[in-house]
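Undergrad: Sharing a structure below in structure tokens format, with a few things to ask.
Every number in this text was worked out from the coordinates using simple rules, so none of it is lab data. Source: prediction; values computed, not measured. Please note: Cβ atoms are built from the backbone with ideal geometry, for glycine as well, and neighbour counts cover all protein chains shown.
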Amino acid sequence: MTDHAKQLEQRFAKTDATVAVLGLGYVGLPLAKLFHNAGFNVIGLDVDSRKTDMLQRGESYIEYLGEDYVKDLADSDRFTPSTDFDLLESADAIVICVPSPLGEHNDPDLSYVEATCEEIAPRLRPGVLVVLESTTYPGTTREVVLPRLEARGLTCGRDFFLAFSPEREDPANPTFTTHNTPKLIGGIDDTSGRVGAALYEQTLEKVVRVSTSEVAEAAKLLENIYRAVNIAMVNEMKVLLTEMDIDVWEVIQAASTKPFGFHAFYPGPGIGGHCIPVDPFYLTWKAKEVGFPTRFIELAGEVNNQMPGFVIRRLTEALSEDAKAVRDSNILVIGLAYKPEVSDVRESPALTIIEKLQSLGANVSYHDPHVPKTHKMRKHDLGMTSTELTPDALAAADAALIITPHAAIDLALIGEHAKLVVDTRNAMAKLGPVKARVVSA
Ligand SMILES: NC(=O)c1ccc[n+]([C@@H]2O[C@H](COP(=O)([O-])OP(=O)(O)OC[C@H]3O[C@@H](n4cnc5c(N)ncnc54)[C@H](O)[C@@H]3O)[C@@H](O)[C@H]2O)c1
């Protein structure tokens, strides 16, 4: 252990240190709050001044966290939200939580991670811990971050410390929050792993140290590939069983009575969010380096990406039974976010489905209590505003298409006033018989 490492460990143990969190989004903001609540001085840095301004005013921009979530941060003299990267000079620990999306051709886009390294490197001083939390392929911390941070002559493991610790945030999960979800951490070297664990141990219920940053990076991808593959498998079952006129939901319920060896996954209109549709392809890209075909990942992506098409086919068939074509039909999409209780629409299959329906000539509106209007995104620009869910709006629609049934959505009202409900989530089943014709998709 170097002197720097010993001193950092001691200071973390007393929470007598300054932690800078870079990127104050879904991952960075809860983390900044945790470090603050543990007693650290926290600098919250983001390139988006709208966010840092709102934090200064005590206003939250992440709806599911609640309005009051950042009030204590705004009132505290231990929290500094800012766009001024010079503040990094006073940090003892720097935690990177910036986006890691896919580029145009499904390749990793590490430009945000690289940009933060360029901000950190000239301000890095001896005795600082840097942790990457952004999801990425195995090797990123060592191959992309390390050389940039060492470029000015400091040596990792001696002068500064570098680790990877994947974020396992599950927005709106009432049981597992950042605080009580076990946290993996792996260092570039043993000392870095140890110093990194010392930081998180002050803040989180359980920290699990692994031998290298590569193990931590790969573990995160395994977790998300496991989900992507299992969801694809059950989505394929849904398409097949629908063809065979067997209720996939009842089949899953039946299989779930087995007390061992079966874990239920549920089908849907496609996968969404910043993780499951994106992260597996980070590994696919890296695997090419060793000439290894990641067939499970590719197949899962293919099956999951076909689900919006399946939903549209089911909707088209259901409309046909009412002697209606998709062209000129009025379709009311219920739920735009990628999962219940969040306002996040990133990669949401609802966006693809709406665009496809529009291209087929349908008049599409949507209702989502968490998404009052749509914003321009890299791949989508719908320019739509949420419609109020009223008996008239439902009666005027040729079909209500359920994509994301948030708890606040009045399903009984839909069942009472819609003519046709196309349900991708089996949401209507819990109501029992309703007036509307319900078709599963
Ligand atoms: N959202 C989740 O549920 C989740 C879960 C697990 C892992 N992750 C991973 O965590 C990382 C962050 O995801 P997120 O959902 O919080 O993204 P986000 O888009 O909500 O937040 C990222 C923030 O980083 C800021 N930013 C961009 N460039 C920056 C820079 N150079 N310096 C400082 N800030 C910068 C953005 O303005 C934004 O506020 C990603 O790698 C993601 O894959 C996300």
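Undergrad: Arrange the following residues from fewest to most other Cβ atoms within 10 Å of their Cβ: Val326, Val371.
TA: On the way: Val326 19, Val371 24.
The order, fewest Cβ neighbours first, is Val326, Val371.
Undergrad: Also: Would you please put 15-21, 207-213 in order of how densely packed they are, using the mean number of other Cβ atoms within 10 angstrom per residue and starting with the highest? Don't jump to the answer; show the numbers that get you there.
TA: Numbers: 15-21: 22.0, 207-213: 19.0.
By packing density, highest mean first, the sequence is 15-21, 207-213.
Undergrad: Now for a different question. Cut-off is 10 Å between beta-carbons; in what order do Asp48, Asp84 appear when sorted fewest neighbours first? Before the final figure, lay out the partial values.
TA: Values: Asp48 13, Asp84 10.
Lowest count first: Asp84, Asp48.
Undergrad: With N set to the number of residues, divide the alpha-carbon radius of gyration of the stretch 3-211 by 2.2 N^0.38 Å and report two decimals.
TA: Details: Rg = 15.9 Å, N = 209, 2.2 N^0.38 = 16.8 Å.
In units of the 2.2 N^0.38 Å rule of thumb, it is 0.95.
Undergrad: Could you size up the charge dipole of the chain around its Cα centre, putting +1 on the beta carbon of Lys and Arg and -1 on that of Asp and Glu, and report it in debye to the nearest 20? Present the calculation step by step, with values, prior to reporting the outcome.
TA: Working: 43 positive and 62 negative charges, 111 e Å.
I would put it at about 540 debye.
Undergrad: Now for a separate question. Considering the Cα trace of the stretch 18-113, what is its radius of gyration and what is Dmax, both in angstroms?
TA: 13.6, 45
Undergrad: Label the stretch 241-287 by shape, choosing from rounded, prolate and oblate, from the square roots a ≥ b ≥ c of the eigenvalues of the Cα gyration tensor; if a/c is under 1.5 it is rounded, and otherwise prolate applies when a/b is larger than b/c, oblate when it is not.
TA: prolate
Undergrad: Using only Cα atoms, find the angle between the long axis of helix 3-13 and the longest principal axis of the chain, and express it within 0 to 90 degrees, rounded to the nearest 10.
TA: 50 degrees
Undergrad: In addition: If you add up the charges near Arg123, with Lys and Arg at +1 and Asp and Glu at -1, over every other residue whose beta carbon is less than 13 angstrom from its beta carbon, what do you get?
TA: Values: positive: Arg125, Arg148, Arg152; negative: Asp84, Asp86, Glu89, Asp92, Glu118, Glu119.
The answer is -3.
Undergrad: Still on this model: List Ser82, Ser343, Ser111, Ser100 from most exposed to least, where exposure is judged by having the fewest other Cβ atoms within 10 Å. Write down the numbers at each step before the final one.
TA: Details: Ser82 16, Ser343 19, Ser111 13, Ser100 24.
Least crowded to most crowded, the residues run Ser111, Ser82, Ser343, Ser100.
Undergrad: So how strong a dipole does the stretch 243-305 carry about its Cα centre when Lys and Arg Cβ are +1 and Asp and Glu Cβ are -1, to the nearest 20 debye? Intermediate values should be presented prior to the final figure.
TA: Numbers: 4 positive and 8 negative charges, 77 e Å.
Roughly 360 debye, rounded to the nearest 20.
Undergrad: Here is a further query. Quickly estimate the mean residue ellipticity at 222 nm for the chain, helices only: each DSSP H run with n ≥ 4 gives -39500 (n - 2.57), and the total goes over all residues, rounded to 500. Provide the component values of the computation, followed by the final result.
TA: Values: 14 runs with 160 residues, N = 441.
Calculated at 222 nm, the ellipticity per residue is -11000 deg cm²/dmol.
Undergrad: State the answer as a single residue: which of Leu73, Pro182, Leu129 lies farthest towards the positive end of the charge dipole of the chain, with beta carbon charges of +1 for Lys and Arg and -1 for Asp and Glu, about the Cα centre.
TA: Most positive-ward Cα: Pro182.
Undergrad: Let me ask something additional. Viscosity 1.567 mPa s, temperature 4 °C: what is the translational diffusion coefficient of the chain from Stokes-Einstein with a Kirkwood Rh over Cα pairs, rounded to a whole number of µm²/s? Please report the intermediate quantities before stating the final value.
TA: Values: Rh = 23.5 Å.
Once the numbers are plugged in, D ends up at 55 µm²/s.
Undergrad: By how many degrees, between 0 and 90 and to the nearest 10, does the Cα long axis of helix 111-120 differ from the longest principal axis of the chain?
TA: On a 0 to 90 degree scale, this one is about 20.
Undergrad: Starting from the alpha-carbon convex hull of the stretch 236-440, give the projected area averaged over all orientations, in nm². Mind dumping the intermediate values first?
TA: On the way: hull surface 52.1 nm².
About 13.0 nm², averaged over all directions.
Undergrad: Sticking with this one: Does the stretch 393-441 come out rounded, prolate or oblate by the C-alpha gyration tensor, with a ≥ b ≥ c the root eigenvalues, rounded set by a/c under 1.5 and, if not, prolate when a/b is larger than b/c and oblate if not?
TA: Working: a/c = 1.26, a/b = 1.23, b/c = 1.02.
Rounded.
Undergrad: Give Lys286/Lys376; Lys51/Lys183; Lys286/Lys339; Lys324/Lys356; Lys33/Lys183; Lys33/Lys71 a once-over and call out the pairs whose C-alpha atoms are over 19 Å from each other. Let's see the in-between values first.
TA: On the way: Lys286/Lys376 30 Å; Lys51/Lys183 26 Å; Lys286/Lys339 29 Å; Lys324/Lys356 17 Å; Lys33/Lys183 16 Å; Lys33/Lys71 11 Å.
Violating the 19 Å Cα-Cα cut-off are Lys286/Lys376; Lys51/Lys183; Lys286/Lys339.
Undergrad: Here is a further query. In degrees, nearest 10, range 0 to 90: what is the angle between the Cα axis of helix 295-321 and the longest Cα principal axis of the chain?
TA: Result, in degrees: 30.
Undergrad: What is the Å³ per residue value for the convex hull set by the Cα atoms of the stretch 105-205?
TA: On the way: hull volume 11.7 nm³, N = 101.
Enclosed volume per residue, from the Cα hull, is 116 Å³.
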